[in-house]
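The values are calculated or read from the model by the stated rules, or taken from the named source; none is laboratory data. If you're wondering where the values come from, they're calculated on a predicted model, not measured in any experiment. Positions of Cβ are backbone-derived with ideal geometry, glycine not excepted, and every protein chain shown enters the neighbour counts.
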Amino acid sequence: MFRFIFYKELQENIKNFRFIIALILCLTIIPLGFYVNYKDFQAKQKSYEESIKLYEGSHKTIIDTQRQGGAAFRPPSPLSILSSGIEFLLPNSIESVGFLTEMGAQTQFNNDRSLDNPYSFLYGYLDLSFIVSVIISVLAMLMTYNSVAGEKERRTLGQILSNAVPRNTVILAKMSSSFLLMAVLFLLGILIGIFILILQGFEIFSPGLFSRFFLGVGFSLLYIFTFLNFGLLVSSLNKNAISSIVSLMFFWVLLFMILPKGSVILSKIIKPVKSQQVIDLEKNQIRQQIEKEEWEDIQKLRETMPGIKEMSFKEFFKKLREGDEKAKEYAKEQNEKREFYKIKLEKELNKVDSYYDNERSLQAAIAQNISRLSPVSCFIHLMAETSNAGFLEYEQWKKTRSLFKQLLDTEICSKQEHTQFGQVGTFGFKGDKNAPMPKLAYQPVSLHRIMTKALPDFLLLILYGVLFFACSYVVFLRYDVR
């Protein structure tokens, strides 16, 4: 009996005009999205390689990095074909600020990508995440909106159920046939897209890409399953096809637009956080205050140290070169004070960064948890993280920024000498000035870490799919055919 009803539902869906629309869209939009986004990745990769080449051409030694500043660049993600996520907002590079001194390096994120085509950001990317979350989900609802409601309206459902047909067999056959049809159409589009990518030179079967790409395809199938069951549930709750499609559109807007976007607004109300501009101003005030304290402390040392105050700066530096004990003692105590204020500055700035990072993380967690009330958000989170274009990538770059600062401090800042006498100072470098410039190799986020982070969204997406089917199952079983 299941097989008979399954084939009946399958034939009805294939003969319907909706099947032709779904077929055309899946076989054109998905390959087109892959092609367009891979071309965009190639352009980004070329820009990244040119940036590396120009940087290495002008930064050959440590002394070049000291004078011109250091930088570390972020490679673009080849899996942006799955989801562009927040990649456009991610920093392109980490750069040092100003001259590298013994006080330690200041680093900042830089995002100077030009808007070559502003319309792409106005309307969004045609990546797989967008195609599935918007186009395929609508197709899934169109495929099921009259699956039950249409038969109620035509009064054919009563005829079917008047026979010795278990209701659970009917609803299961309807869901299975719809999912099989949508999965086949979707996978056909994916296969054509893969063929186009291979022709373009995309190494999809490389170890780093293969697993993530097909994870994204698996998440997409799970999302399709969820929305088919959602359409089946709404169809079971309505008595005619018109009310069913209107209800579906209303709930689709709620799940796709209102909940995800509203979660951001609610999180800002629940947990307000200062803007980055205000935080930077606060840090700059701390820096200026500590540098002022350092200057005053060093001047006080000069004025109170016997035999030093009376010296002119020429006399002092002459005696320092000659190895005078008083001059050496003054230089030693001055360096100790500099080290003290350097540590104090780092501690105060780290305290500010740590506090606001925690505040922002809490705000983001609130927004994410509220948005998870929608399966759309769960799917988009999964695709973004899998594509190395999500919040894990941003966190990784914040860690990379800290590592880059440590590298500059160790290789350059700690090897500098600075002696101040009144308004005059001398600078020197204790290390090998001709040593190669320090480089930092970027470590991408591991798949294990991605899956650990994305596990709640994955489990919730499964839960939504099962819950929607269970509800439609119960509603269908309780339907009164009279």
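Here are a few things to note about the model shown:
- Criterion: hydrophobic (A, V, I, L, M, F, W, C), surrounded by 16 or more Cβ atoms within 10 Å (Cβ to Cβ) and assigned to a helix (DSSP H, G or I) - qualifying residue of 214, 250, 225: 225
- Only one entry of 294, 303, 315 meets the criterion of being closer than 30 Å to residue 347 by Cα and surrounded by 12 or more Cβ atoms within 10 Å (Cβ to Cβ), and that entry is 294.
- Qualifying residue in segment 26-35 (condition: assigned to a helix (DSSP H, G or I), in the same structural domain as residue 93 (by TED's automatic domain parsing), without any contact (Cβ under 8 Å) to a residue 40 or more places away in the chain and surrounded by 15 or more Cβ atoms within 10 Å (Cβ to Cβ)): no
- Residue in segment 36-64 that is nearest to the chain's Cα centre (by Cα), counting only those that are assigned to a helix (DSSP H, G or I), among the β-branched types (Val, Ile, Thr) and modelled with pLDDT under 85: 62
- In segment 140-160, the residues that are buried (at least 23 other Cβ atoms within 10 Å of the Cβ) form Cβ pairs under 6 Å with partners that are outside any helix (DSSP H, G or I), at six or more places apart or across chains, as follows: 149/238; 149/240.
- Test for residue 256: is it under 23 Å from residue 128 (Cβ atoms) and either surrounded by 14 or more Cβ atoms within 10 Å (Cβ to Cβ) or among the hydroxyl-bearing types (Ser, Thr, Tyr) (or both): yes
- Some residue of segment 173-195 being surrounded by fewer than 15 Cβ atoms within 10 Å (Cβ to Cβ), under 24 Å from the mean Cα position of the chain (by Cα), part of a helix (DSSP H, G or I) and not aromatic (Phe, Trp, Tyr): no
- Only one of the listed residues (281, 228) is within 33 Å of the chain's Cα centre (by Cα) and at pLDDT 90 or above. That residue is 228.
- Number of positions in segment 365-399 that are of a type in the set (Gly, Ala, Ser), farther than 29 Å from residue 440 by Cα and in a helix (DSSP H, G or I): 4
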